[in-house]
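Structure record follows, encoded as structure tokens.
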Amino acid sequence: MELKMTSLNQDIKYKLSRLNVLEKLIVVNVVVFVVGLIFSPLLSWLELPSEFSKFIFKPWTLVTYAFTHYGFWHLAFNMLWLYFVARMFLNLFSPKMALNLYFLGAISGGILYLLFFEFLPKGRLGVSLVGASASVMAILIFLCAICQTKKYVFLHSILSCGILVQLLLV
């Protein structure tokens with residue numbers, strides 16, 4: 001039994017070592033989702049609250065919300081977009097830049113969310129932010145800003161960067 005577990009651990013480590021940085025982020029998102037299914041109270045410690053007074057006591061949520069998803073389809077579509085965008089992005093830029101953009105997208109999306117809710121009527125308080133959409137959009141928008149005229153094959157269709165951004169924003 002010990003031999004099988006060692007072999008399984010080595011196999012998992014080997015497969016994880018072959019993933020690129022954005023694929024590893026996909027794995028982290030999936031693991032957080034599965035852990036959230038098992039220990040759902042944990043997710044309230046990871047989501048970004050809309051009230052600044054609650055955020056002060058949970059500052060880590062400015063990053064952790066980008067790894068938290070409540071629904072399977074929410075996770076699936078965010079990770080599908082991240083997977084396709086990662087392939088395009090990593091052909092042109094470094095993994096370090098991809099990781100920086102992912103986290104900068106999450107942080108700026110979280111800050112905009114907090115600012116937006118600060119100026120809304122107080123009837124919408126209690127709504128929290130979850131999901132990797134801001135991070136994925138940051139990578140895609142950066143890619144499209146740099147390569148404006150480039151066309152990509154996406155799901156057997158040739159799309160320009162502008163159309164890709166519009167699809168993601170819908």
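The values are calculated or read from the model by the stated rules, or taken from the named source; none is laboratory data. Because the structure is a prediction, the values reported are computed rather than measured. Here the Cβ positions follow ideal geometry from the backbone for every residue, glycine too, while neighbour counts run over all protein chains shown.
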For the structure I just gave you, tell me whether Tyr83 is assigned to a helix (DSSP H, G or I) and either over 20 Å from Leu43 (Cα atoms) or at pLDDT below 95 (or both).
yes
When region 1-38 is checked residue by residue, the ones that are surrounded by 10 or more Cβ atoms within 10 Å (Cβ to Cβ) and assigned to a loop (DSSP other than H, G, I, E, B) are Leu19, Asn20
So which residues in region 46-69 are touching a residue at least 60 places away in the same chain (Cβ under 8 Å) and farther than 14 Å from Val30 by Cβ?
Leu46, Glu47, Leu48, Pro49, Ser50, Glu51, Phe52, Tyr65
Residues of region 12-28 that turn out to be in contact (Cβ under 8 Å) with a residue 12 or more places away in the chain and closer than 15 Å to Ser135 by Cβ, as a count
6
